[in-house]
Amino acid sequence: MSLTVLFLCTGNSCRSQMAEGWAQHLRPDDLVPYSAGIKPQHLDPDAVLIMREAGIDISSNRAKHVDELAAVDFDAVVTVCGHDEEHCPRYPRSTIVRHFYFDDPPKLAAVASSRHEALQHYRRVRDEIREVVAILPEMLSAAR
């Protein structure tokens with residue numbers, strides 16, 4: 001049985017997009033993933049680049065506001081940044097809500113001393129998100 005999951009982040013430009021991409025790639029039989037934000041921005045080109053390095057193309061994605069997905073009945077909502085934990089919309093009691101805090105790659109990249117260092121932040125967060133998404137169905141099933 002597939003779980004319909006929303007990956008939620010403030011801008012839906014980077015971390016939630018990476019999580020959606022990983023879910024589609026790693027767990028296509030277990031997860032029906034969506035991503036959205038509470039203040040959507042543009043899709044981060046560096047997130048697209050480092051996901052492509054991992055063999056996943058998210059270039060056709062776009063940032064969406066969570067309200068665009070109001071008609072979707074989510075089994076779980078997974079926040080991927082600390083800001084959304086405090087500003088997360090309310091979901092029915094039957095919806096599992098899990099909060100994970102991943103560093104903000106664009107924020108870290110902005111103070112990096114080189115392009116190489118900037119992309120290393122993106123890669124590290126990408127790989128941390130992958131680890132969570134790889135075991136997410138089991139974590140969510142245990143919470144039911």
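Scanning the range 14-42 for residues that are of a type in the set (S, T, N, Q) and either in a helix (DSSP H, G or I) or at pLDDT below 95 (or both) gives Ser16, Gln17, Gln24, Gln41. Do we find that Gly21 is crowded, with 23+ Cβ neighbours inside 10 Å and within 14 Å of the chain's Cα centre (by Cα) in this structure? In short, yes. The residue list Ile129, Ile50 contains one member that is open to solvent by less than 40 Å² (accessible area, probe 1.4 Å), closer than 13 Å to Phe7 by Cα and touching a residue at least 40 places away in the same chain (Cβ under 8 Å), which is Ile129. Scanning the range 108-126 for residues that are of a type in the set (Lys, Arg) and either modelled with pLDDT under 95 or open to solvent by less than 50 Å² (accessible area, probe 1.4 Å) (or both) yields a single hit, Arg126. Which of the residues spanning the range 53-77 are outside any loop (DSSP other than H, G, I, E, B) and either among the basic types (Lys, Arg) or over 18 Å from Cys9 (Cα atoms) (or both)? The one that is outside any loop (DSSP other than H, G, I, E, B) and either among the basic types (Lys, Arg) or over 18 Å from Cys9 (Cα atoms) (or both): Glu53.
The values are calculated or read from the model by the stated rules, or taken from the named source; none is laboratory data. Note that the coordinates shown come from a computational prediction; the quantities given were computed from them, not determined experimentally. Glycine also receives a Cβ, built like all others from the backbone with ideal geometry; neighbour counts cover every protein chain displayed. Accessible surface is based on the protein model in full, side chains and every heavy atom, while ligands, DNA and RNA are left aside. Shrake-Rupley method; radii C 1.70, N 1.55, O 1.52, S 1.80 Å.
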